[in-house]
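The values are calculated or read from the model by the stated rules, or taken from the named source; none is laboratory data. On a predicted model such as this, the values are computed, not experimentally measured, just so you know. FYI the Cβ positions are ideal-geometry reconstructions off the backbone, even for glycines, and counts take in every protein chain you see. Side chains included, ligands, DNA and RNA excluded: accessible areas come from the protein's heavy atoms. Shrake-Rupley method; radii C 1.70, N 1.55, O 1.52, S 1.80 Å.
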Amino acid sequence: MSEPAPSAPRRAWHAVRAGLEAVVGRRALDRTLDAVGFFRLRSLMLAKPTAVKGGLTLLARPDDLKILGEVFSEEVYGAVAIREDDVVVDAGAHIGSFSVWASRKCPKGRVVAFEPAPINLDLLRRNLARNGVENVTVVPAGLGAAPGTLRLHWLGDFSM
């Protein structure tokens, strides 16, 4: 199945963006758009309630639907053995798809969800709340090999 043709506003945005990228470069453009709150606004505007297996509904943007499909439809984590009292670490929790799924597998345990991107953190927290998930601890940070602080650079893709 082919993708539908982009709308006129989307085509216009891509044309303007391509012109700006040619002048300042993609990274500089994305940093500027992030600094002025463009990506946060875009994220909020694009997030729509999406029903998934198990009677759950998650807020997701079009870019997130593949991940929802992997977790809930394709069940890529189905073979993962999680006991009801386990502690599960979700490193790079994104919008919470795996965290919500894992929280159901360990109702007497805990999920620790690490997510450094503020835009994704917002949807992660909303998705936990809208599904009544209480056994997930959200840590607004990334994981690395050594302690320290790094700058997170946004490249315009919600899942990267």
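Annotations for the structure displayed:
- For segment 110-133, a tally of residues being in contact (Cβ under 8 Å) with a residue 24 or more places away in the chain and exposed (fewer than 15 other Cβ atoms within 10 Å of the Cβ) returns 1.
- Failed criterion for Cys106 (all others in (1) open to solvent by 30 Å² or more (accessible area, probe 1.4 Å); (2) out of contact with any helix residue (DSSP H, G or I) (no Cβ under 9 Å at 6 or more places or on another chain); (3) modelled with pLDDT of 95 or more hold): (1)
- Matching residues, segment 23-42, being over 30 Å from Asn131 (Cβ atoms) and open to solvent by less than 30 Å² (accessible area, probe 1.4 Å): Gly25, Leu29, Asp30, Leu33
- Among the residues of segment 43-60, the one identified as open to solvent by less than 20 Å² (accessible area, probe 1.4 Å) and more than 15 Å from Asn120 (Cβ to Cβ) is Leu56.
- Taken over segment 23-43, the criterion of being without any contact (Cβ under 8 Å) to a residue 40 or more places away in the chain and not basic (Lys, Arg) is satisfied by Val23, Val24, Gly25, Ala28, Leu29, Thr32, Ala35, Val36, Gly37, Phe38, Leu41.
- Qualifying residue in segment 1-22 (condition: closer than 27 Å to Leu152 by Cβ, surrounded by 11 or more Cβ atoms within 10 Å (Cβ to Cβ) and in contact (Cβ under 8 Å) with a residue 40 or more places away in the chain): no
- Taking the listed residues Glu84, Glu74, the one that is in contact (Cβ under 8 Å) with a residue 24 or more places away in the chain, exposed (fewer than 12 other Cβ atoms within 10 Å of the Cβ) and over 20 Å from Ser43 (Cβ atoms) is Glu84, with no other qualifying.
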